[in-house]
Amino acid sequence: FAYENILVEVRGPVGLIRLNRPKALNALSDGLVTDLEDALNRLEDDAAIGAIVVTGSERAFAAGADIKEMQSKTYMDAYLGDFITKKWGRLATCRKPTIAAVAGYALGGGCELAMMADILLAADTAKFGQPEITIGTIPGAGGTQRLTRAIGKAKAMELVLTGRMMDAAEAERAGLVARIVPAAELVEEAVRVAEKICGYSRPVTMMAKEAVGRAYEMTLTEGLLLERRLFHSTFALEDQKEGMGAFVEKRPPQFKGK
Ligand code: HXC
């Protein structure tokens with residue numbers, strides 16, 4: 001788990017990824033997203049890991065795609081290379097629950113990356129925005145789509161068209177973040193949330209996130225059907241028998257992940 005642009009730690013069942021390019025406010029260079037994709041692949045494949053936390057530094061989660069790297073790209077570079085979501089989209093396709101813990105700037109691609117996680121926790125210092133318009137481009141990794149679904153057209157349109165930043169309180173009111181945490185406790189709290197999730201049945205946590213995630217992809221009727229089928233399928237698990245049995249017997253459940 002040695003990388004140039006990120007730090008990866010395993011804390012019991014939790015994989016903790018810290019974006020680590022402090023000199024560039026964690027700008028998402030090709031090197032960084034290559035490291036991130038590889039770490040996510042490894043944590044997803046590691047049977048001991050039940051949830052993944054992605055965080056940055058106190059100053060920045062990530063200040064966007066790396067502008068110095070991007071500036072000279074041609075249309076063909078961007079199109080043929082499928083710039084840039086091919087690699088960092090890996091966070092959105094994780095099957096294990098993911099948490100983005102955001103302190104400081106989450107701008108452009110940084111905000112888009114955070115929105116790919118299942119749960120977004122913000123430090124009181126967090127600032128979110130899609131400033132692409134100020135550098136002559138538009139969001140390219142979900143900033144016009146996930147942001148609009150998360151906070152609605154009125155605010156998304158204003159943020160995308162003006163490049164204005166939202167502070168943590170506004171982001172929470174708008175529904176972008178699950179919760180605000182004091183900056184000094186952010187990472188520990190994110191790991192605690194991840195550990196709590198890891199205490200439940202692994203396949204059930206995966207089904208729960210899959211079902212909520214599909215709410216953004218399907219009609220209500222199809223989504224309800226998928227939910228019901230997944231719900232039914234939990235009855236095939238030993239963990240469902242254990243969970244309900246433990247409740248009835250007034251004892252803590254011991255989930256086995258099967
Ligand atoms: C490359 C960046 C960077 C970025 C900051 N840096 N953001 N380098 N790409 N996105 C570098 C600066 O050049 C500087 O390096 C160092 O980090 C510190 O930044 P400062 O600007 O000196 O810090 P500060 O004055 O505190 O301002 C912080 C900031 C500002 C407000 C976050 O850095 C900023 O506006 N950054 C750009 C934000 C942005 O436009 N992001 C969207 C990118 S487009 P040096 O070497 O000078 O010290 C995008 C498209 C996504 O994300 C599309 C997805 C497909």
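Which listed residue (ILE138, ALA168, ALA150) has the Cα farthest towards the positive end of the charge dipole for segment 127-258, taking +1 on Lys and Arg C-beta and -1 on Asp and Glu C-beta about the Cα centre?
About the Cα centre, the residue reaching furthest to the positive side is ALA150.
If you count only protein heavy atoms and use a 1.4 Å probe, how large is the accessible surface of PHE235, to the nearest 10 Å²?
Its accessible surface works out to 90 Å², give or take rounding.
On the Cα set of segment 65-200, report Rg and Dmax in Å, please.
15.4, 48
Quick one: accessible area per residue over segment 147-258, 1.4 Å probe, rounded to a whole number of Å²?
Values: 7200 Å² over 112 residues.
Averaged over the residues of segment 147-258, the accessible area is 64 Å².
How large is the helix-only mean residue ellipticity at 222 nm for the chain, computed as the sum of -39500 (n - 2.57) over DSSP H runs with n ≥ 4, divided by its residue count, in deg cm²/dmol to the nearest 500?
Details: 12 runs with 112 residues, N = 258.
Result for the chain: -12500 deg cm²/dmol, rounded to the nearest 500.
Heavy atoms only, probe 1.4 Å: what % of the accessible area of the chain goes to carbon and sulfur, would you let me know?
Details: 7650 of 13580 Å².
Ligands and nucleic acids excluded, carbon and sulfur reach 56 percent.
Nothing charged except the Cβ atoms of Lys and Arg (+1) and of Asp and Glu (-1): what's the magnitude of the dipole of segment 70-229 about its Cα centre? Round to the nearest 20 debye.
Values: 21 positive and 18 negative charges, 96 e Å.
So the dipole magnitude of segment 70-229 works out to roughly 460 debye.
If the chain between GLU37 and VAL10 were fully stretched, how many nm would it gain, using 0.36 nm times the residue separation less the Cα-Cα distance? Mind showing how you got there, number by number?
Values: separation 27, 0.36 × 27 = 9.72 nm, distance 1.63 nm.
Length gained between GLU37 and VAL10: 8.1 nm.
About its Cα centre, how strong a charge dipole does segment 11-68 have in debye, to the nearest 20, once Lys and Arg get +1 and Asp and Glu get -1 at the Cβ?
It works out to roughly 380 debye.
Report the extension gain between TYR75 and LYS153 in nm, rounded to one decimal, defined as 0.36 nm multiplied by the number of residues separating them, less their alpha carbon distance.
Working: separation 78, 0.36 × 78 = 28.08 nm, distance 2.84 nm.
Using 0.36 nm per residue and subtracting the Cα-Cα distance, I get 25.2 nm.
Hey, what did the chain get for relative contact order, percent, Cα under 8 Å, at least 6 apart?
Values: 469 pairs, mean separation 40.7, N = 258.
Rounded, it is 16 percent for the chain.
Separation between the GLU195 and PHE1 pseudo-spin-labels, each 7 Å from Cα along Cα→Cβ, expressed in nm?
1.5
Kindly report the accessible area of segment 1-86 per residue (heavy atoms of protein chains, probe 1.4 Å, no ligands, DNA or RNA), in Å².
In whole numbers, segment 1-86 has 52 Å² accessible per residue.
Residue separation times 0.36 nm, minus the C-alpha to C-alpha distance between ALA184 and GLU238: what's the value?
On the way: separation 54, 0.36 × 54 = 19.44 nm, distance 3.93 nm.
Working it through step by step, the gained length comes to 15.5 nm.
Compute the distance in nm between two label points, each set 7 Å from the Cα along the Cα-to-Cβ direction, one at ALA215 and one at ALA246.
Between ALA215 and ALA246, the simple spin-label model gives 2.5 nm.
Dividing the convex hull volume of the Cα atoms of segment 161-258 by its residue count, what figure in Å³ per residue is obtained? Walk me through the numbers on the way to the answer.
Numbers: hull volume 15.4 nm³, N = 98.
Each residue corresponds to 157 Å³ of Cα convex hull volume.
Using only the Cα atoms of the chain, construct the convex hull and provide its projected area averaged over every direction, in square nanometres to one decimal. Present the calculation step by step, with values, prior to reporting the outcome.
Values: hull surface 59.6 nm².
Quarter of the Cα hull surface area: 14.9 nm².
When only C-alpha pairs under 8 Å and at least 6 residues apart count, what is the relative contact order of segment 1-92, in percent? Write down the numbers at each step before the final one.
Working: 123 pairs, mean separation 29.5, N = 92.
With pairs under 8 Å counted, the relative contact order is 32 percent.
The values are calculated or read from the model by the stated rules, or taken from the named source; none is laboratory data. This structure is a prediction, so every number in the text was calculated from the model and none was measured. Heads up, the Cβs are rebuilt from the backbone with ideal geometry, glycines too, and the neighbour counts pull from every protein chain shown. Heads up: the accessible areas ignore ligands, DNA and RNA and are worked out on the full protein's heavy atoms, side chains in. Shrake-Rupley method; radii C 1.70, N 1.55, O 1.52, S 1.80 Å.
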